[in-house]
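Asks: First the structure, then my questions, so here it is.
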Amino acid sequence: GRADRNKMRDAPRARGARLLMAALLTGASIARGGVARDRHRRVDAGAAAARSRSSLRSLGCALMLRGGRSKAEPTVFNSEQDEIVWEMLQGNREYVRQRKEAALDNGGHSHEYLQYLQEDGGGALRQVKVKALIISCARSFAPMDHIFGTNPREIQVVRGCGYTCSVADSVIGSIEFELADTTPPVLMIVGNTGNEVVASTVRRVARASGLDLKGSPNDVSARDDSLADSVLLNLIEPSVRDALEQLPSGTYDQIVNLACEMNVWRTIETLLTQSCAINDAAADGTVKVLGAMYDTKTGQVSFMGEHPSQSLLLQMTPSNNAVRTADSPPVPVEEAVTMLYSGNARYSTGRGGLAGQAVGDTQKMMTQLSKDGQNPVAVVIGCADSRAPIELLFDMRPGDLFVLRNAGNACKPGPGMLVGSAEYAIINLRTKLIVVTGHTKCGAVTAAVEAVRRNADMAEVTGSIGACLMEIVEAAKTAIDELPNASTAEQVQRATEYNVMNTIRKLILNSDVLYNSLNLGELQVHGAVFDIFSGRIKWLGQHPDLEKIIGRRLHFHRWKSQPYVPASIPLGDNPARSPSARAALRLLQDGNLRFSSGKPIAKVHDLDVRPSAIVLGGAESRVPIEDVFDVEPGRIVVQRVVGSIAGTQERTAFSSIEYALETWEPPLLLVLVQTNSPIIEAALKQLGGEHQPRAPIKVVLDQLMVSSLRAVMESKDSEAHLSAAGLDLKMRQLATELSAFYSIEMLLRSRRIRRRIEAGTLELHAGVMDASTGRVRYFGEHPMQASMIETAKTIDRLERDEHGVIPRSRWQSAFKDDFREGVSAEERPLPHALSSGSPESISVGQ
């Protein structure tokens, strides 16, 4: 109680302590990560739920007794939401009847889905009103559209193993995006009996507590051991502990099924206490948030109604803006680049103001940063010029940037304050990006150029100014040599860019920490020039001679730096390598051919069927993925979040994929994206300066902007010979296909996944569904997969010092075949690549 009261002092509402007491009295379970986080407190939420099944369920039960809806039955409902749920209940009754009579799944509305795709190219995805948005398990044995017998496109589904979510993850981001896009009246969390993720968590908790549950299986201990550190199981553990407290003498099956129901409540609690958008929509009645349980054996859905303490949860209004602290996971470097790029786009188009927005809540924000520490998105090395305000021009809040400034954004050779400060951010703050930012009309660069033009002696310059200019003279000389007949202003502009690149080169040559992180692929150092007139950043990318500075070939960097060429796998060819993966991919190919030709087959329900593949698909499509591939229920594990993103290892979606691979060991994982995706459109708009969305949607868009940014930069080369429509089409196509490969790149960061690929028991493939035909085109595996896995394996064998740094000598020994001759700190090669090409031709984020 004392711990909870202490936490309540930091709650958004002053009446937090009173609300917590009410929660304890009513037996409500407050979500971890919300206002109350005491994991040792167990509550009687199950009993409260039994007392509060809502008028909605009462209505459903009463009408069910009549044997179905008829013209004589009442058609007046308390709300639109009640009517929608009643229709879903009736659809489920019909689904159960069909399963009893034939034990078959009739394929749902495959013909109607296909017709809708072919008639309008998927445009109706956002035109037909969505009645319900559902969160369900990736292993639910049947699409929600079939279970509820809804008409095509009337429901949208987000799916992940364990039907759970966490703070600002892609699950909540997907829900918020769909709420903003379609505003469905009903948000329903559908759990399922005997859920394997919940069962795994029950076994883990029981073993840790020394409990011997009657009926617990004995042949899964090895698999359970492999999931000991699962983020997904950690999220579900509170629901299991609640169930164990409710049924201290319960059997294994009883505990599992009660925990499945408790997990529905916990997910609702997380949604209401961690998402401002969902909380607002539920509070004003726009959306009704409900729970339900699906019986996998019978197909019947039992509606649980609203959360028993929903009125209490709605008063715990979550913050609209997240503050990055040391508790936040580090931002992947590719996403950090897009965050700064889109931030400057907002600033330069007059839509910025994040730093200003924080002023109204400064005390809370600064308290959180001082208490929980900082976790900056990037280190920015900028000029001390007062006209170049770093946080403002990147539209970032306090805590987002680690800023280092001096006159001329210069760096001295050898160790020093600048290098040491950057190293501190990389080692201690886990920052993955450094941006060296010059600016137009720079006084220091102008002075250096003028000094070179008149052959001035820097030693004669007053005070320490000469020593400062000495670090810029090299860039000034190079610019003047290249443009001997140009004006001083033109020479200064070129010298400014060379000075940025020289600073990048010196940082890498003088810091083992930077050198190590660049070799690991965890760090990137980018150059930029800020135009003080327009506010726009001219992005220079990474150093054009990066390989020469590092001293070895960087294969993945090369692939990222070259124009993307779409894979040309003929339609119908099977790009899989192993026999088991080929069989799984052929299953999907044959099923998709049946779907796209309008010839689906009836399927038999078999709860013991082993999944042949995992499909990571997009929640923005309303076509069930099981229908797209015309497979029997349970044959594939379907995870769905908007954009088909994999997420990061610290998040729910990523952990869900790892769990599915460890538990069912399918030989194939297919990342399936689709054309005409509204979330890709939203990512492209963010890069154009669209207002920044709430934190959960931003989590999704940050990942999609990685591929979108590369698509934008590569498409600029086609501006001269393409129409505006053609250019837009090319950008969308590139962004869509590259997003599938970026998801695979994220998945390859998992040692679990890499080990399975090396053992030949798993293949990762990419594909795109044509929104106008329903046909799926396959790209095969990531072009750089073999190189990424081999590099990761070599790095894992290298010894590190106490700071986790691998010395240069060990890098050179491990990658001796890749190292080149004649590169040393004394040579300091100049970036001659800057002398040709427009700024747009230098790729960004690579």
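Asks: Quickly run through segment 604-619 and pick out the residues that are crowded, with 22+ Cβ neighbours inside 10 Å and of a type in the set (D, E, K, R).
Replies: none
Asks: Quick test for you: out of Ala602, Ala619, Ala613, pick the one residue that is at negative phi, free of Cβ contacts under 8 Å to residues at least 60 places away in the same chain and of a type in the set (Gly, Ala, Ser).
Replies: After ruling out the rest, the residue left standing is Ala613.
Asks: I've got another one for you. It is to be established whether one or more residues within segment 677-686 are β-branched (Val, Ile, Thr), open to solvent by less than 20 Å² (accessible area, probe 1.4 Å) and touching a Phe, Trp or Tyr at 6+ places or on another chain (Cβ under 8 Å).
Replies: Taking every residue of segment 677-686 in turn, at least one turns out to be β-branched (Val, Ile, Thr), open to solvent by less than 20 Å² (accessible area, probe 1.4 Å) and touching a Phe, Trp or Tyr at 6+ places or on another chain (Cβ under 8 Å).
Yes or no, residue by residue, for (1) modelled with pLDDT of 75 or more; (2) open to solvent by 30 Å² or more (accessible area, probe 1.4 Å):
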site: Glu334; (1), (2): yes, no
site: Val337; (1), (2): yes, no
site: Ser342; (1), (2): yes, no
site: Gly350; (1), (2): yes, yes
site: Gly356; (1), (2): no, yes
site: Gly360; (1), (2): no, yes
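Asks: So which residues in segment 286-317 are part of a loop (DSSP other than H, G, I, E, B), closer than 15 Å to Thr267 by Cα and under 30 Å from the mean Cα position of the chain (by Cα)? Please lay out each step first, then the result.
Replies: Looking only at segment 286-317, we keep the residues that are part of a loop (DSSP other than H, G, I, E, B), and these are 286-287, 295-300, 306-309, 315-317.
Then drop every residue that is not closer than 15 Å to Thr267 by Cα, which leaves 306-309.
Answer for segment 286-317, where residues must be part of a loop (DSSP other than H, G, I, E, B), closer than 15 Å to Thr267 by Cα and under 30 Å from the mean Cα position of the chain (by Cα): Glu306, His307.
Asks: Another one. Which condition does Val768 not pass, out of (1) in contact with a Pro (Cβ under 7 Å, 6 or more places away or on another chain); (2) in a strand (DSSP E or B), if it passes all the others?
Replies: The number of the failed condition is (1).
Asks: Mind checking which residues of segment 644-701 are of a type in the set (Asp, Glu), farther than 25 Å from Asn195 by Cβ and in a helix (DSSP H, G or I)?
Replies: Step one: list which residues in segment 644-701 are of a type in the set (Asp, Glu), which gives 650, 658, 662, 665, 681, 690.
Keeping just the survivors that are farther than 25 Å from Asn195 by Cβ gives 681, 690.
Scanning segment 644-701 gives a single hit, Glu681.
Asks: Could you tell me which residue of segment 687-710 is nearest to Ala180 (Cα to Cα), considering only residues that are among the small types (Gly, Ala, Ser) and crowded, with 24+ Cβ neighbours inside 10 Å?
Replies: Ser708
Asks: Same structure again: Can you tell me which residues in segment 493-523 are open to solvent by 20 Å² or more (accessible area, probe 1.4 Å) and either of a type in the set (S, T, N, Q) or over 31 Å from the mean Cα position of the chain (by Cα) (or both)?
Replies: Gln493, Arg494, Leu509, Asn510
Asks: Residue by residue through segment 255-294, note down the ones that are open to solvent by 10 Å² or more (accessible area, probe 1.4 Å), more than 25 Å from Tyr95 (Cα to Cα) and in contact with a Cys (Cβ under 9 Å, 6 or more places away or on another chain).
Replies: Gln274
Asks: Restrict the check to segment 548-558 and report whether at least one residue is surrounded by fewer than 17 Cβ atoms within 10 Å (Cβ to Cβ) and in a loop (DSSP other than H, G, I, E, B).
Replies: Yes, there is a match, as at least one residue in segment 548-558 is surrounded by fewer than 17 Cβ atoms within 10 Å (Cβ to Cβ) and in a loop (DSSP other than H, G, I, E, B).
Asks: Scan segment 256-309 for residues that are among the charged types (D, E, K, R) and within 18 Å of Gly162 (Cα to Cα) and jot them down.
Replies: Within segment 256-309, Glu261, Arg266, Glu269, Asp295, Lys297 qualify.
Asks: Right, here's the next one. Are any of the residues in segment 790-804 of a type in the set (Lys, Arg), closer than 30 Å to Arg594 by Cα and either open to solvent by 20 Å² or more (accessible area, probe 1.4 Å) or touching a Cys at 6+ places or on another chain (Cβ under 9 Å) (or both)?
Replies: Scanning segment 790-804, I find no residue that is of a type in the set (Lys, Arg), closer than 30 Å to Arg594 by Cα and either open to solvent by 20 Å² or more (accessible area, probe 1.4 Å) or touching a Cys at 6+ places or on another chain (Cβ under 9 Å) (or both), so the answer is no.
Asks: Can you tell me which residues in segment 201-217 are under 12 Å from Asp253 (Cα atoms) and in a helix (DSSP H, G or I)? First the steps, then the outcome.
Replies: Start the filter on segment 201-217 by keeping residues that are under 12 Å from Asp253 (Cα atoms), which leaves 202-203, 213-217.
Of everything in segment 201-217, those that are under 12 Å from Asp253 (Cα atoms) and in a helix (DSSP H, G or I) turn out to be Val202, Arg203.
Asks: Let me ask something else. Name every residue in segment 764-777 that is open to solvent by 20 Å² or more (accessible area, probe 1.4 Å) and either of a type outside the set (Gly, Ala, Ser) or farther than 10 Å from Thr675 by Cβ (or both), in order of residue number.
Replies: Listed by number, the residues that qualify are Asp770, Thr773, Arg775, Arg777.
Asks: Tally up the residues in segment 95-121 that are part of a loop (DSSP other than H, G, I, E, B) and either modelled with pLDDT of 85 or more or open to solvent by less than 10 Å² (accessible area, probe 1.4 Å) (or both), please.
Replies: Total meeting the criteria: 1.
Asks: Does Thr317 satisfy the condition of being surrounded by fewer than 18 Cβ atoms within 10 Å (Cβ to Cβ), within 24 Å of Leu704 (Cβ to Cβ) and among the polar types (S, T, N, Q)?
Replies: Working: surrounded by fewer than 18 Cβ atoms within 10 Å (Cβ to Cβ): yes; within 24 Å of Leu704 (Cβ to Cβ): no; among the polar types (S, T, N, Q): yes.
No.
Asks: Turning to a different aspect of this structure: Could you grab me the full set of residues in segment 369-390 that are in a helix (DSSP H, G or I) and either over 24 Å from the mean Cα position of the chain (by Cα) or free of Cβ contacts under 8 Å to residues at least 12 places away in the same chain (or both)?
Replies: Within segment 369-390, Ser370, Lys371, Ile390 meet the criteria.
Asks: To continue, here is another question. Go through (1) part of a loop (DSSP other than H, G, I, E, B); (2) of a type in the set (S, T, N, Q); (3) buried (at least 19 other Cβ atoms within 10 Å of the Cβ) for Thr325 and report which single condition fails.
Replies: (3)
Asks: Between residues in segment 229-252 that are assigned to a helix (DSSP H, G or I) and residues that are open to solvent by less than 20 Å² (accessible area, probe 1.4 Å) and aromatic (Phe, Trp, Tyr), which pairs lie under 8 Å by C-beta distance while being six or more apart or on different chains?
Replies: Every condition considered, the pairs that remain are Val231/Phe654; Leu232/Tyr659; Leu233/Tyr659; Ser239/Trp265.
Asks: I need the full set of residues from segment 446-492 which are β-branched (Val, Ile, Thr) and either under 21 Å from Asp545 (Cα atoms) or surrounded by 15 or more Cβ atoms within 10 Å (Cβ to Cβ) (or both), in order please.
Replies: Thr446, Val449, Val452, Val461, Ile472, Val473, Thr478, Ile480, Val492
Asks: List the pairs whose first member sits in segment 137-148 and is under 12 Å from His605 (Cα atoms), whose second member is among the β-branched types (Val, Ile, Thr), and whose Cβ atoms are under 6 Å apart, counting only residues at least 6 apart or on separate chains?
Replies: Phe141/Thr296
Asks: Count, please, the residues in segment 593-638 that happen to be over 22 Å from Thr736 (Cα atoms) and part of a loop (DSSP other than H, G, I, E, B).
Replies: Of the residues in segment 593-638, 20 are over 22 Å from Thr736 (Cα atoms) and part of a loop (DSSP other than H, G, I, E, B).
Asks: Considering segment 524-544 alone, what residues qualify as being closer than 17 Å to Arg505 by Cα and either open to solvent by less than 40 Å² (accessible area, probe 1.4 Å) or at pLDDT 95 or above (or both)? Quick ask: steps written out before the conclusion?
Replies: Quick first cut of segment 524-544, residues closer than 17 Å to Arg505 by Cα only: 524-529, 539-544.
Gln524, Val525, His526, Gly527, Ala528, Val529, Trp539, Leu540, Gly541, Gln542, His543, listed by residue number.
Asks: What's the number of the only condition in (1) closer than 30 Å to Asp225 by Cβ; (2) crowded, with 21+ Cβ neighbours inside 10 Å that Ala759 fails to meet?
Replies: Single failed check for Ala759: (2).
Asks: Hey, does segment 151-172 have a residue that's part of a loop (DSSP other than H, G, I, E, B), closer than 28 Å to Asp630 by Cα and open to solvent by 40 Å² or more (accessible area, probe 1.4 Å)?
Replies: Initially, segment 151-172 is screened for residues part of a loop (DSSP other than H, G, I, E, B), giving 151-154, 160-169.
Of the ones still in play, those that are also closer than 28 Å to Asp630 by Cα are 151-154, 160-164.
So of that shortlist, the ones also open to solvent by 40 Å² or more (accessible area, probe 1.4 Å) come out as 151, 153.
Yes, there is a match, as at least one residue in segment 151-172 is part of a loop (DSSP other than H, G, I, E, B), closer than 28 Å to Asp630 by Cα and open to solvent by 40 Å² or more (accessible area, probe 1.4 Å).
The values are calculated or read from the model by the stated rules, or taken from the named source; none is laboratory data. No experiment lies behind these values; they were computed from the predicted model shown. So basically every Cβ, Gly included, is an ideal-geometry build from the backbone, and we count neighbours across all protein chains shown. Surface accessibility is based on the protein's heavy atoms, side chains included, excluding ligands, DNA and RNA. Shrake-Rupley method; radii C 1.70, N 1.55, O 1.52, S 1.80 Å.
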